[in-house]
Every structure is written in structure tokens, then in C-alpha cells.
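The values are calculated or read from the model by the stated rules, or taken from the named source; none is laboratory data. Since this is a predicted model, take the numbers as computed values, not measurements. With ideal geometry, Cβ positions are generated from the backbone for all residues, glycine too; neighbour counts draw on all protein chains shown.
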Number of protein chains: 2
Amino acid sequence: MSQERIKIVGAGLIGTSLGLALTKHGIDVGLENRSKANLRLAIEYGAGKEAEGDYDLVIVCVSPEMTAEVVAGQLAKHPQALVTDVASVKAEIAREVTRIAPEHALRYLGSHPMAGREKGGPGAARADLFFARPWVITPSAATPAASVERLKNLAMQLSALPIVMSAEEHDRAVALVSHLPQLVSSALAARLQSGNEQQLGLAGQGLRDASRIASSDPDLWLQILSQNANLVSPLLAEFKKDIEELLQSLENLDSPGSLAKLHNLLERGNIGVARIPGKHGGKFVDYQLLTVVIDDSPGSLASLLTFIGEVGVNIEDLKLEHSPGAQIGLVEIQVLPEAAERLSEQLTQNGWRLV
Amino acid sequence: MSQERIKIVGAGLIGTSLGLALTKHGIDVGLENRSKANLRLAIEYGAGKEAEGDYDLVIVCVSPEMTAEVVAGQLAKHPQALVTDVASVKAEIAREVTRIAPEHALRYLGSHPMAGREKGGPGAARADLFFARPWVITPSAATPAASVERLKNLAMQLSALPIVMSAEEHDRAVALVSHLPQLVSSALAARLQSGNEQQLGLAGQGLRDASRIASSDPDLWLQILSQNANLVSPLLAEFKKDIEELLQSLENLDSPGSLAKLHNLLERGNIGVARIPGKHGGKFVDYQLLTVVIDDSPGSLASLLTFIGEVGVNIEDLKLEHSPGAQIGLVEIQVLPEAAERLSEQLTQNGWRLV
């Protein structure tokens, strides 16, 4: 096989990360970018060289709203190439590509590597950004099987986990598990503007978790939500109904049925959250939580974990919690139930402080 | 000073934890509980002995809806005692106590140790449950200063952080930072009931975080929300307005102003989340994120952290992320910006895999 050549259009976080990863695999990566400064930066990073000549695979990594147009342009420019993209909404882009470039549309196959960072731009790029992340590939009924295989191989080459579904299935899934949560979290965090410092000082981990994604980039999310508005709207409408019912219950607590409705919503929340798969793709395992106190200095967490490693217990999940006003940390460790008691005993006997 | 005697009414998670902690400090703790089985369990744990005789401090740790009545009973039973409680809504309980027992109400002083666990009951109790947690004390204008001092000392004795504010201020604060997030998270998680397995399989950390508190106990939360309904309702009404506006924007994307409204809400979310104080009670520091790959085996996290300790870099925050389908873990480490580059270099040079 002759040396593979892949072209990446768009040297932002995703494009540059792809370039770095593919270059590491010895692939000849050609980069193209509207901003010459970012292009130079990506090339200096080692994400590839300036694109020239023909390519048989083109990956379009531009903003969601530019994607269809750029895909169409690349399909025309490289008449033998398979062209894919990485945008987080798939059906509208596929429709647009078919509308703008119907004669080439069979050579387009959408994909969505579900990777990202809080920061954008080529400077935030990482060769291993896609490592162990789902990479959704969204063929239509007419997509050649070989194209799907090509992108599956690309994903696996970068240690991502390829998942094949239709563009509509993908968009419906991300509307539920990504776009609705984004809107809800943003709307919740927006309410914090009305709070004073004393009130916000009582914020705990619950609020921090519930509002974390509200710090996402509004410009990017405006584009994502716009492209998936027709699938997000019905979910948000259902959510709004629940909020309305909650509000009515709270405002009329003495009316018959109000408490039952409130209780029912809380129970449905229990059921819903239990449906999210846990780590390793499996169902939630009911891990046991141990909380250990450490002082907030270099090495103290390490010596705790060294000790746990020596005991031979595997940490399934770990969270470090710092309490306001205290120079100590609480380490929350999840372990398998059968290991919890032994670990707890060992820790206590060896002078660790469990809370 | 003669030996202190404190009575705890209610041997659930909070009451038993208080008993364990106070007993460790050499205080003579008397326990009282409606369920004799739970009382015996708490006593066996070492949380105190069965209450008898008189006490000068009584801490009522029963369910929110029972609290006022039990407080009133204890005020009558112990005519010299300061009686406090630990319920998470304060104003309604204070009103009820004044209504039921006006002649004793000056001896009641509400408090709210902001500590808890996912699990309830005496079996989940921990002596250090209150360690470094806020403990809100809610005097009225008529409360004697000595009573406030007494509870502040109690909180500090248990290494909690006493914060004094009025019951109304407290309830307004928790409505915003605790009760509204609970309702929103529960309503979001309730929507997951409509998703299929394929959709939920694409769930990422964002959804996990946003829905985590939706797994809280519906029975307890029904009581909490009922007692604070008048302060939670206006916040939920404002939230509902934002959701309605969002929905209208999404359903009429082409109408003038729709995109601006959507963008504005996302921006307000940015501003709101930035108002939550960070660790050590300060404002958010812009920590730098490093992500390191480890294999999912005992000791691998420890050896990473041992190495970081040797480099002399303090970990400000740490999250362990397991990817579905992969037997590896991603360790997300937050460090001060000035330490990030050095640590990153040291890790890479010593064979750690950064992503």
C-alpha cells in the first residue's frame, strides 16, 4: 500500500488534534485553514504540512455552520476523495451537502468524534484527544459499505471507539444526552446571577456539578443548538411541562395531588439517572464510597494512593473535594463493595483518617 | 467546668454522626430515638448511651416535618436547655416552634450543618461527617448571644465552619444553591426515561454531572421542598420563564431576535457559573488541566501521583475518568498555571502519556 495521504480542513482544536495524531501514525497529513496564522501554528506543532495535490480522504473540521459548504467545496475539489466532517449535529449537514452538491453527495459520510476540551484553537490540540472516546459514524442507506469501513478504521487507528448509526439517530441521541442538558444547565446557572455572595458561599458539590457545563462556549453552542433545534425543541417542551407542573405543585402545596406530583417527579429523576451507563460501558455498579482526609500539600494524595495500591484495592472512581476555608482535602474513593471493608480497616489501622 | 452533657434526639445519619463525634470529644451523649432498633444500633456504634436525666443542650435530628413538634417537646421536657435542630429549612420550623411552644421559643435556636451522604440511617454515620463543612446558625433578633456562641463552639468542636445568618437568609440561600438545582436536576434526569439504550450510551461526563443529584431521596426532598416552597417557587418561576423563552427561540429560530435570545441565555449561564466560589472559599483560579492516561489496575494512579509529588507540584483538583469500553483511565489533574508546563515536561520525559 502506498503511503496514506489525508487532508484536514480547519486547524482548530479538533483539526489540529487529528493532524497531530495522524502524523504520529506516519500518515502524510495536508492542512488547510482560512486563517494563515492558525495554519502556521498547527504546522509548527507538527500537525501536518500545507495541503497540496490530491487526497483520498478529507476531514472537514470547521465550525458547524460552515461545515456543509466546506464539505461541498472539498467534494468538488477532490473528485475521488471520501469527505467526512466532525460536527456535532449530523442530519442538517447531510441535507445541506446533498442540496449544494447532489452529484458528489455519495462521497460524503458524516462523523462525530465525541471529544473536546474546555479550550479551543490549535494551541489546545492533543494527539490523544480521541483516545477511548466514542466516534459516531452516520451513513445513509446509500453510503457505500467501504466508506463506513474506512472511517471505522480511522477511528480505531486513533484509539477511538467507532459507533455506527443514522444521522437522525445520532441527532436524536445528542439532543437528549448533550443538548438538553446544556440548555438546562445554562438556564440553572443563569439564575445564579440573582444570588448574593453570602448565598453563593453555601454552594456545595451538587450545584457545582449541575452547573459545570454552563461554562461552555456560547458561540459554538448557538450553532449546535440551531442545527438540532427541531429535535431539541420537543425534549425541552416536555421538560418545560414538568417544570410547570412542579411550579404549580409548589405554589399550591395544599391542593390535592400536589405533593404526589412533586414526589413523582423526584422519583422519576431517580429512575432516569439510574439509566445512564456507568464506566466500562456497563450498567452502574453499586460502588462503595470511602472518604479519606488528606492535607492539601504535594504528595499527600500520592501517599494515600500508594498505600491503597499496596493493599491491592482498585480505585473505581475518585474525586478530590476541597472545602471552602479549610487547607485540607477530602478524597472520595469508590471501590467494589467486596473490597470496601478491608480497605477501610487497613486505612484506619494505618493512621488514615476516614470521614 | 463539669462534664458536658448533650442530648441527641433522632439516631439517623446526622444524629448518629453527631453522637459519634461528640463522644470522641469526651462528651456525655444521651440518645433518644423512636425506633428502638436504630437506637440500639447507634449505641452499639458508640454514638452515646440512652438518654436519661437533664441536659443543657438538646440537638433534634429527626425528619424535617417532625422537627418543630419534637423541638417543642424537648423544650418542655428540659426547661433549662438550649434546643437546636439540624433540618435544612429553618424559617418554617422556627415559626412552628413559636406557635406550639411560645413560652419556650427563646430557648430554640435553629442550625443547619450542611453535611450529608447518599446513604441514610445510623449505619452510614461517620464521626467526621461535619469536618470542614459549613454549619449555618440562624438566630432571630431575640436570640440570646450566648446561645449563638454555644452553637458556634459546638460547630467548631466538630471542625465544622459556623456561619451565622437569619433563618430567612438561610432559606433564601438554600432555595437558590440547593433546592432549585435539585428540582432542575431531577426534571432533567426524568427526561432520560424517554431515551433508548443506544442514546444513553452516548452520555458523557456533562450529563452525568448535571443529573447526579437527581439520585437523591425523594421522601426527604419532598419534606425539604414543602417547607421552603414559598422561596423556591419564585426562583423556579424565573427559571421557567427562561426555559419558555429558550423553547420559543428554538421553535422559531428564523424570527428576529431568536438567536440573540438563545446566545444571551448561554452567556448568562457562563456568568452565573463563574460566580460559584472555588476551593478554599476563594474565587475560581484558572487552573491548568493536564490529562494523563493510566491503565485501570491497582497502583497505577498511585504511581502517577507519587511521581507528581516527587516533582513537587500540588494537585488542586483531580478527576478520574473511565471511558466506556476501554480498560484504561484518564486522570484529569488541575494545577496552578505556573506549575503546568514543568509538570507536563516531567511527565512526558518520564514516559507518562498525556492526552
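Table for the structure above
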read-out: Residues of region B:140-163 classified as assigned to a loop (DSSP other than H, G, I, E, B) and free of Cβ contacts under 8 Å to residues at least 60 places away in the same chain, total; value: 7
read-out: Residue match in region B:222-229 (condition: in contact with a Phe, Trp or Tyr (Cβ under 9 Å, 6 or more places away or on another chain), among the small types (Gly, Ala, Ser) and at pLDDT 95 or above); value: no
read-out: Any hit, region B:249-264, residues being within 35 Å of the chain's Cα centre (by Cα), within 30 Å of residue B:171 (Cα to Cα) and part of a helix (DSSP H, G or I); value: yes
read-out: Sole residue being farther than 20 Å from residue B:134 by Cα and modelled with pLDDT of 95 or more, chosen from B:172, B:191; value: B:191
read-out: Residues of region B:117-147 satisfying the condition of being among the small types (Gly, Ala, Ser) and either crowded, with 20+ Cβ neighbours inside 10 Å or in contact with a Lys or Arg (Cβ under 7 Å, 6 or more places away or on another chain) (or both); value: B:124, B:125, B:127, B:132
read-out: Region A:71-91, residues that are in contact (Cβ under 8 Å) with a residue 60 or more places away in the chain, in contact with an Asp or Glu (Cβ under 8 Å, 6 or more places away or on another chain) and not in a loop (DSSP other than H, G, I, E, B); value: A:82, A:91
read-out: Residue list for region A:114-127, filter: modelled with pLDDT of 80 or more and facing chain B (nearest Cβ under 9 Å); value: A:114, A:126, A:127
read-out: Subset of region B:92-119 (residues that are assigned to a helix (DSSP H, G or I) and charged (D, E, K, R)); value: B:92, B:95, B:96, B:99, B:107
read-out: 2 or more residues out of contact with any Leu (no Cβ under 9 Å at 6 or more places or on another chain) and within 7 Å of another protein chain (Cβ to nearest Cβ): qualifying helices (runs of 4 or more DSSP H) within region B:164-213; value: B:205-211
read-out: Count of region A:308-329 residues which are at pLDDT 75 or above, facing another protein chain (nearest Cβ under 7 Å) and not in a loop (DSSP other than H, G, I, E, B); value: 5
read-out: Out of A:159, A:255, sole residue that is more than 7 Å from chain B (Cβ to nearest Cβ), surrounded by fewer than 22 Cβ atoms within 10 Å (Cβ to Cβ) and more than 26 Å from residue B:201 (Cα to Cα); value: A:255
read-out: Pick from region A:212-234, criterion β-branched (Val, Ile, Thr) and touching a residue at least 40 places away in the same chain (Cβ under 8 Å), ranking: surrounded by the fewest Cβ atoms within 10 Å (Cβ to Cβ); value: A:224
